[in-house]
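The structure under discussion appears below in the form of structure tokens.
The values are calculated or read from the model by the stated rules, or taken from the named source; none is laboratory data. Please read all numbers here as calculations on a predicted model, not as lab measurements. Backbone-built Cβ (ideal geometry, glycine too); neighbour counts: all protein chains shown. Just the protein is used for accessible areas: all its heavy atoms, side chains included, with ligands, DNA and RNA removed. Shrake-Rupley method; radii C 1.70, N 1.55, O 1.52, S 1.80 Å.
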Amino acid sequence: MIDVINLEKHFGDKNVLDGINVKIEKGDIMVVIGPSGSGKSTFLRCLNCMEDPTGGQIIFNGVDIADPKVDINLHRRHMGMVFQHFNLFNNKTVIENIMLAPVYVARSERRKAKHKNFWIGVANVFRKEKKEKYPIGKSVAEIKSEAREKGMKLLERIGLEDKADVYPSTLSGGQKQRVAIVRALAMDPDVILFDEPTSALDPEMVGEVLDLMKQLAKEGMTMIIVTHEMGFAREVANKVVFVDEGQILESAPPKEFFENPKHPRLKEFLSKVL
């Protein structure tokens, strides 16, 4: 699904990622751990090109999305992102936040079809054999109605359907993060990237977010998670990766990773956090 090859990222003279190589298969739960400033979040942000890689390749579903000629927005539709600080739009209600991307994409496709049909109509004036026009599909009202219905089902899943029409500022941190996760799910992504999804939460709110992520793991969602939650990594991940100074120093299944670490730097790190 995702094949990262010699990924590099430089900020001026600072080399933040230095030749990252890793493969993520469909259904993988890969947890990325490491000390602060090691390049974990930069790695995650490079995966969907929120940060443009300096070098290397990111092959996602057969396409190198690190290639500047690729329309990255087409591929981001299949790659959800959940941020540390939720990144919900405070001027929109909860359901509007969830509907935003699906409605935008559907309306965009509708506009493209209408634009193509206009030029097909012009060209058909001069053609003997008329070219068929593209189906425009659903109306804007239908698009919004379907997006709201799907959004409500997602909110029911996390027990927050009664919060659909309130604003994010009225929610707890745990509720905001769960809404952010279902907002990512609304696009039916192939993979979801999580950038320290619990680090901004009060301790009593961490569990409700991790429980939702565990549910997604059981359902086979492919996830790449930057986190400091070692217990979660042990329980849910099938691959744990240790990053330090922009390099992957060790990658292994959780049992081997935590019980038999090989790299001296990983041994030192685990001795401080476990």
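Roughly how many Å² is the accessible area per residue of region 3-66, as a whole number, for a 1.4 Å probe?
Values: 2650 Å² over 64 residues.
Averaged over the residues of region 3-66, the accessible area is 41 Å².
Computed with every protein chain present, the accessible area of D64 is close to 40 Å² [probe 1.4 Å].
Annotation: per residue accessible area for region 112-204 equals 58 Å², rounded to a whole number [probe 1.4 Å, protein chains only].
Placing a label point 7 Å from the Cα of E204 along the Cα-to-Cβ direction, the residues of region 173-187 whose backbone N falls under 14 Å from that point are 173-175.
Taking the Cα centre as origin and putting +1 on Lys and Arg beta-carbons and -1 on Asp and Glu beta-carbons, what dipole magnitude results for the chain, to the nearest 20 debye?
Details: 40 positive and 39 negative charges, 312 e Å.
Result for the chain is approximately 1500 debye, rounded to the nearest 20.
Leaving out ligands, DNA and RNA, and with a 1.4 Å probe, what % of the accessible surface on region 173-274 is carbon or sulfur? Provide the component values of the computation, followed by the final result.
Working: 1980 of 4280 Å².
Carbon with sulfur: 46 percent of the solvent-accessible area.
Couplings 3J(HN,Hα) for region 245-258, derived from phi with the Karplus relation 6.51 cos²θ - 1.76 cosθ + 1.60 (θ = phi - 60°), are 6, x, 10, 7, 8, 7, 9, 6, x, x, 4, 5, 4, 8 Hz, where x marks Gly and Pro.
Mean residue ellipticity at 222 nm from the helices of the chain, using -39,500 (n - 2.57) per DSSP H segment of n ≥ 4 over the full residue count, to the nearest 500 deg cm²/dmol?
Working: 9 runs with 114 residues, N = 274.
The helix-only estimate for the chain comes to -13000 deg cm²/dmol at 222 nm.
With 0.36 nm allotted per residue and the present C-alpha distance subtracted, the V122-I136 stretch has 3.3 nm of extension available. Between the alpha-carbon centres of region 92-140 and region 4-49 there is a gap of 37 Å.
If you stretched the chain out fully between D18 and Y104, how much longer would it get, using 0.36 nm times the residue separation minus the C-alpha to C-alpha distance? If you can, show how the numbers build up before the last one.
On the way: separation 86, 0.36 × 86 = 30.96 nm, distance 3.61 nm.
Taking D18 through Y104 to full extension adds about 27.4 nm, to one decimal.
Explain nothing, just the number: dipole magnitude of region 100-161 about its Cα centre with +1 on each Lys and Arg Cβ and -1 on each Asp and Glu Cβ, in debye rounded to the nearest 20. Before the final figure, lay out each step's value.
Numbers: 17 positive and 8 negative charges, 95 e Å.
In total the dipole reaches around 460 debye.
Share of region 1-132's accessible area from carbon and sulfur, percent, 1.4 Å?
On the way: 3710 of 7180 Å².
For region 1-132, the apolar C and S fraction of the accessible surface comes to 52 percent.
In this rough spin-label picture, where each label sits 7 Å from Cα along the Cβ direction, the N90-M230 distance is 3.6 nm. Placing +1 on each Lys and Arg Cβ and -1 on each Asp and Glu Cβ, with no other charges, gives region 141-274 a dipole about its Cα centre of roughly 180 debye.
Net charge in the neighbourhood of E235 (other residues with Cβ under 13 Å of its Cβ; Lys, Arg +1, Asp, Glu -1) is +2. Each of S271, F126, L210 was scored by the projection of its Cα onto the charge dipole of region 117-274, and the greatest displacement toward the positive side belongs to F126; charges sit on the C-beta of Lys, Arg, Asp and Glu.
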